[in-house]
Amino acid sequence: MIEIGFVVLGILTGILSGLFGIGGGILMVPSIILFFGMNILDANAISLTAMLLPVGALGVIAYYKAGLIVLKDSLLIALGLFLGSFLGGELAVNISETFLTKLYVFILLYIAILYFDIPSLFKKNKENKPKEEKPQLKKAFWVYITLGIGAGIFAGLFGKGGGIVIVPILVAVLHYSPKAAAATSLAALQLPVGLPSIIIYAQNGHLNIMYAVFIAIGIVLGTLWGTKLGLKLPATVFKKIFAFFLLAVAVYMMFK
């Protein structure tokens, strides 16, 4: 039954998201397209709806207790995500689906390159020197809202949570530690920031809410299992496997 397939996808998303340290949409959208034969808009709608449930709430509580979440910044980013989600959803349903698919293929290839860490293969071997930690920067409130808007547009266009945009910018530009960036981003994404996009997708006939519910059930189960799962292979191996998956999906979508 197709419903069981969506539950299994949700479980894998919950487990693998924890292992890879990524948002669920980056796994869900390609899988829905590849294995269930749906178009990108339907896949985006299902992915965003499945992630509306705060499945990372337990992780947020743990991060908060560890003092890693910058609550004010997180709330400002969440506000931006909410606004950006509306813009991303509107763009997605009003531009050419062919163009959106090509853009999505480009994003998949880019992420696959990041996971393969291809640029490092061309660099000369250098002595590993400990990186100097820079103090975390504090910026005006609008900087965090703008970051959220950008991530929200990306999420609305491609059915992702937006963390893949937020975390690197917090680390590279605002000098957050990787853990603090992941914690603050995760906290922002627990609010129903993707709701505007979901409403737009639903109004345009792209949402199958039952499929989203089945995936959400699987994500909850997968998240619980993922937190207890001991890694038998190095994380780098998992990342390479995931990069191959993204590469295969990108090629499939290019020649479909």
Any chance you could count how many residues in region 168-185 are of a type in the set (A, V, I, L, M), under 16 Å from the mean Cα position of the chain (by Cα) and surrounded by fewer than 23 Cβ atoms within 10 Å (Cβ to Cβ)? 2
Mind counting the residues in region 208-226 that are modelled with pLDDT under 80 and over 18 Å from the mean Cα position of the chain (by Cα)? 2
Does Ala187 satisfy being within 22 Å of Gly89 (Cβ to Cβ) and either in contact (Cβ under 8 Å) with a residue 60 or more places away in the chain or not in a helix (DSSP H, G or I) (or both)? no
Scanning region 1-37 residue by residue, those in a helix (DSSP H, G or I), modelled with pLDDT under 75, farther than 15 Å from Ala216 by Cβ and not aliphatic (A, V, I, L, M) turn out to be Gly18, Phe20
Is there any pair linking a residue in region 214-234 that is farther than 10 Å from Ile15 by Cβ to one that is at pLDDT 85 or above and acidic (Asp, Glu), with Cβ under 6 Å and at least six apart or on different chains, and which? Phe214/Glu3
Filter region 106-119 down to the residues that are surrounded by fewer than 17 Cβ atoms within 10 Å (Cβ to Cβ) and of a type in the set (Val, Ile, Thr), then identify the one that is farthest from Ile40 (Cα to Cα). Ile118
So, in region 33-65, how many residues would count as being without any contact (Cβ under 8 Å) to a residue 60 or more places away in the chain and either crowded, with 21+ Cβ neighbours inside 10 Å or among the aliphatic types (A, V, I, L, M) (or both)? 3
Would you call Ile169 closer than 26 Å to Asn94 by Cβ, in contact with a helix residue (DSSP H, G or I) (Cβ under 8 Å, 6 or more places away or on another chain), among the β-branched types (Val, Ile, Thr) and part of a helix (DSSP H, G or I)? no
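The values are calculated or read from the model by the stated rules, or taken from the named source; none is laboratory data. These figures come from a predicted structure and were not determined experimentally. Reconstructed Cβ throughout: ideal geometry from the backbone, glycine too, with neighbour counts over all protein chains shown.
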